[in-house]
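Read through the structure below, which is laid out as structure tokens, and then see the notes.
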Amino acid sequence: MKVIITENYEDMSRKASEIIIDLLKNKPKCVLGLATGTTPIGLYKNLIKAYNDGEVSFKEVTTANLDEYVGLQKDHDQSYDYFMHHNLFNYVDIKEENLNIPDGSKQDLQKECARYSEFLMANRQDLQVLGIGSNGHIGFNEPGTPFDSATHVVNLTESTIKDNSRLFNDISEVPTKAVTMGIGEIMKSKTVLILASGANKAQAVYDTVKKQPNENCPASVLQNHPDCILIADKEAAKLL
Ligand code: F6R
């Protein structure tokens with residue numbers, strides 16, 4: 001794993017966007033795995049700027065998002081579909097038919113998981129963007145998830161529900177389940193770019209980089225990936 005430590009959030013976002021801008025220039029028809037959450041917002045702002053400056057186009061890009069809450073309709077302002085449209089997709093020339101996010105509003109979630117897995121099998125990500133949970137989760141693969149897992153439904157842990165409650169009016173509104181890309185499917189991406197910002201990620205970053213890969217810290221599996229780049233700001237890297 002290549003570890004890059006930056007001065008602050010802005011530098012982390014800039015470095016991450018440089019890597020993706022390079023990919024878009026070298027391979028305009030790429031499969032881009034994307035994440036939601038607070039961490040990649042700066043990266044997405046930079047990508048929108050690069051698009052507005054005429055540096056890159058998303059016309060031929062296919063996306064593959066990591067996860068979605070179960071039970072929220074796409075137009076719910078905390079759904080990940082809504083997040084992606086409002087933080088990136090609405091501001092670039094990406095085609096709606098090339099956007100892929102697991103659909104957590106489906107009645108038959110097992111069928112939806114199988115559909116998403118098949119899509120990923122046929123569309124290997126060139127690069128997968130990840131954030132990291134304070135408990136080391138990647139996507140919504142919580143501690144204890146097997147390293148070879150495929151897309152599945154998860155019960156979110158107390159700590160994840162608590163972390164995510166900041167974005168809802170009340171903790172009781174946070175969905176308790178989600179559909180997530182599996183760890184095995186994240187590992188199949190040609191490149192993995194994992195971002196971490198802030199002191200509340202410091203322990204997870206330490207466990208990811210320094211501990212033997214183990215299921216208690218899902219992100220530690222990335223030590224086994226042939227091309228993984230971790231960009232952490234100073235606060236997130238403070239235990240390294
Ligand atoms: C988001 C996702 C999650 C987040 C993680 C960190 O699609 O899969 O793993 O990346 O929970 O979230 P933030 O960036 O909000 O700290």
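The values are calculated or read from the model by the stated rules, or taken from the named source; none is laboratory data. Here the structure is a predicted model, which is why all the values come from computation and not from measurement. Heads up, the Cβs are rebuilt from the backbone with ideal geometry, glycines too, and the neighbour counts pull from every protein chain shown. Ligands, DNA and RNA are excluded from the accessible area calculation, which covers all protein heavy atoms including side chains. Shrake-Rupley method; radii C 1.70, N 1.55, O 1.52, S 1.80 Å.
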Item to complete: Output the number of the condition that Thr180 fails; it satisfies all remaining conditions of (1) open to solvent by less than 20 Å² (accessible area, probe 1.4 Å); (2) away from the ligand (no atom under 12 Å from the Cβ); (3) among the polar types (S, T, N, Q).
Response: (2)
Worksheet, complete the sentence: Restricting segment 155-173 to residues that are closer than 20 Å to Pro40 by Cβ and aliphatic (A, V, I, L, M), the one least open to solvent (accessible area, probe 1.4 Å) turns out to be Leu156
Discussion item. So Leu240 ticks every box in (1) buried (at least 21 other Cβ atoms within 10 Å of the Cβ); (2) outside any helix (DSSP H, G or I) but one. Which box is left unticked?
Written reply: (1)
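Out of segment 129-140, which residues are in contact with a strand residue (DSSP E or B) (Cβ under 8 Å, 6 or more places away or on another chain) and near the ligand (Cβ under 8 Å from one of its atoms)?
If the condition is that a residue be in contact with a strand residue (DSSP E or B) (Cβ under 8 Å, 6 or more places away or on another chain) and near the ligand (Cβ under 8 Å from one of its atoms), then Leu130, Gly131, Ile132, Ile138, Gly139, Phe140 are the ones that fit.
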Worksheet item: Quick check: anything in segment 73-80 within 24 Å of Glu10 (Cα to Cα), aromatic (Phe, Trp, Tyr) and either in contact with an Asp or Glu (Cβ under 8 Å, 6 or more places away or on another chain) or more than 16 Å from the ligand (Cβ to nearest atom) (or both)?
Response: yes
Discussion item. Take the residues in segment 31-70 that are touching a strand residue (DSSP E or B) at 6+ places or on another chain (Cβ under 7 Å) and of a type in the set (Gly, Ala, Ser); name whichever of them is surrounded by the fewest Cβ atoms within 10 Å (Cβ to Cβ).
Written reply: Ala64
Worksheet item: Hey, any hits in segment 90-99 for a residue that's modelled with pLDDT of 95 or more, of a type in the set (A, V, I, L, M, F, W, C) and either closer than 16 Å to Phe140 by Cα or open to solvent by 70 Å² or more (accessible area, probe 1.4 Å) (or both)?
Response: no
Discussion item. Can you find, within segment 183-200, the residue that is least open to solvent (accessible area, probe 1.4 Å) among those that are closer than 28 Å to Ser105 by Cα and out of contact with any Leu (no Cβ under 9 Å at 6 or more places or on another chain)?
Written reply: Ile183
Discussion item. Taking the conditions exactly as written (more than 19 Å from Leu32 (Cβ to Cβ), open to solvent by 60 Å² or more (accessible area, probe 1.4 Å) and within 14 Å of the ligand (Cβ to nearest atom)), does Gln203 satisfy them or not?
Written reply: yes
Worksheet item: Is there a residue being within 12 Å of the ligand (Cβ to nearest atom) and acidic (Asp, Glu) anywhere in segment 143-158?
Response: no
Discussion item. Every residue in segment 118-174 that is of a type in the set (Phe, Trp, Tyr) and modelled with pLDDT of 95 or more, please.
Written reply: Phe119, Phe140, Phe147
